[in-house]
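Notes follow the structure.
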Amino acid sequence: MNFPAPDAPFTVLDVGGTTLRIADYDPATGSLSRARRIPVDGMARDPGAPVPLLQERVVAQLVREVEAHTAAGGTPRAVGVAFAGPITAGGLVLAAPTVWGARGEPLPLGGLLTERLGVPVVVVNDLTAAAWRYATTESRPFCLLTVSSGIGNKVFRGGEVLLDADGHGGELGHWTCDTSPDAPRCDCGGRGHLGAIASGRGVLAAVRRAAAADRAGFAASPLSSYTDGRPEAITNQAIAAAVRADDPFATAVLRSTLTALAQAITSVFTSIGICRYIVMGGFALAVGERYRRLLVGELTRLGCFGLDARDIDAMVSLGAADDDHGLLGAGHLLAARMPSPAGQVTR
């Protein structure tokens, strides 16, 4: 067995539905190096493959890529994996809809990688890892929200992400906020979930429905010029551009979807007193500051008990506009949990 040097970096990975990212993380500087991207050997590459086969392929790919990555740089002190799916405290992946589709059998990913790589491996949910990134800069408890193809959240308080040992928690996207029988269907199969309404996919579906129902309003909207006047040609990129340009049609539809998200935030605020919310995710960040202001507007309209408009505005901010959340978060988590060369725990 190769033993790592006392000052060896950590190897960190971020595994999503289509892309695997891998890099070195230096706990002394909190920085990444040698980052690279590889397509994931999951259902995106082979949609018809059975779940057990895809699980085997993904495990084999992670082992292969870590070994290739460290061949030139030496054995890592530890490996951190940010993975898209609910995960127990012991590194058991309960499901990975974007990676291998159907639920399948739980996969003991942490144990398998530790055994095959011969170094400690910590596996956490990707949004849990992202929360650890912001834990290094936030001085008070916070809730991290991601608004992309779906919606997720994690609350960081008392030096930890609030999850139970079985990985429950942080799934605001599956809160049922519309109980009507014709409510939008979520990717999980349920109806009326927050993610089906306020995610990037949910907003896209809502804007297309509005454009088909109000042809005159859509035709008068700059959004129409982006899509040749065809509702079916509307994209999230076009919606983001239209909202940034203050298009009334697109803005009104987005605002209507943000009501449910604002209700979810107020429930977190009123139940456990979290006064800081960081919003990330491809769709929210594509709209940018305009998204934050619209969300704050809905929060102010609904009211946050005990807060005035200035307080509400101050409690919501946008996350960093990069793709390093999982990598940096996995590195920060390892730095907090693994002994340093001097035998102390790094923070």
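The values are calculated or read from the model by the stated rules, or taken from the named source; none is laboratory data. Quick caveat, the model's predicted, so the values are computed rather than measured. All Cβ positions, even for glycine, are placed from backbone atoms using ideal geometry, and neighbour counts span all protein chains on display.
Residue count for the stretch 298-328 under the criterion of being surrounded by 14 or more Cβ atoms within 10 Å (Cβ to Cβ), among the charged types (D, E, K, R) and over 30 Å from residue 13 (Cα atoms): the result is 2. Within the stretch 122-156, if we keep just the residues that are among the small types (Gly, Ala, Ser) and touching a helix residue (DSSP H, G or I) at 6+ places or on another chain (Cβ under 6 Å), the residue that is farthest from residue 198 (Cα to Cα) turns out to be 129. Would you mind stating whether residue 71 is modelled with pLDDT under 90 and either of a type in the set (Lys, Arg) or more than 26 Å from residue 174 (Cβ to Cβ) (or both)? The answer is yes for residue 71.
In the stretch 34-45, the residues that are within 16 Å of residue 99 (Cβ to Cβ) reach residues that are assigned to a strand (DSSP E or B) and among the charged types (D, E, K, R) with C-beta atoms within less than 9 angstrom, at least six apart or across chains, in these pairs: 37/21; 38/21. For the stretch 212-230, filtered to residues that are touching a residue at least 24 places away in the same chain (Cβ under 8 Å) and buried (at least 18 other Cβ atoms within 10 Å of the Cβ), the residue that is nearest to the chain's Cα centre (by Cα) is 223.
Counting the residues of the stretch 158-194 that are under 19 Å from residue 132 (Cα atoms) and loosely packed, with under 13 Cβ neighbours inside 10 Å gives 5. Any chance the stretch 267-286 includes a residue that's within 19 Å of residue 211 (Cα to Cα) and of a type outside the set (Val, Ile, Thr)? No, that holds for no residue.
One line per residue, one yes/no per condition, for (1) more than 15 Å from residue 144 (Cβ to Cβ); (2) touching a Lys or Arg at 6+ places or on another chain (Cβ under 9 Å):
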position: 235; (1), (2): yes, no
position: 271; (1), (2): yes, no
position: 294; (1), (2): yes, yes
position: 311; (1), (2): yes, no
position: 317; (1), (2): no, yes
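Of all residues in the stretch 91-102, those that are of a type outside the set (A, V, I, L, M) and assigned to a loop (DSSP other than H, G, I, E, B) total 2. Scanning the stretch 127-151 for residues that are surrounded by fewer than 24 Cβ atoms within 10 Å (Cβ to Cβ) and out of contact with any Lys or Arg (no Cβ under 8 Å at 6 or more places or on another chain), we see that the one that is farthest from residue 81 (Cα to Cα) is 139.
When the criteria are applied in full, residue 199 meets the requirement of being surrounded by 15 or more Cβ atoms within 10 Å (Cβ to Cβ) and more than 14 Å from residue 277 (Cβ to Cβ).
For the stretch 31-90, the set of residues classified as outside any loop (DSSP other than H, G, I, E, B), among the hydroxyl-bearing types (Ser, Thr, Tyr) and surrounded by 17 or more Cβ atoms within 10 Å (Cβ to Cβ) consists of 70 only. Being assigned to a helix (DSSP H, G or I), among the hydrophobic types (A, V, I, L, M, F, W, C), closer than 28 Å to residue 141 by Cβ and modelled with pLDDT of 95 or more is a property that residue 307 lacks. Taking into account only those residues within the stretch 106-126 that are small (Gly, Ala, Ser) and surrounded by fewer than 23 Cβ atoms within 10 Å (Cβ to Cβ), which is farthest from residue 287 (Cα to Cα)? Ranking the candidates gives 118 first.
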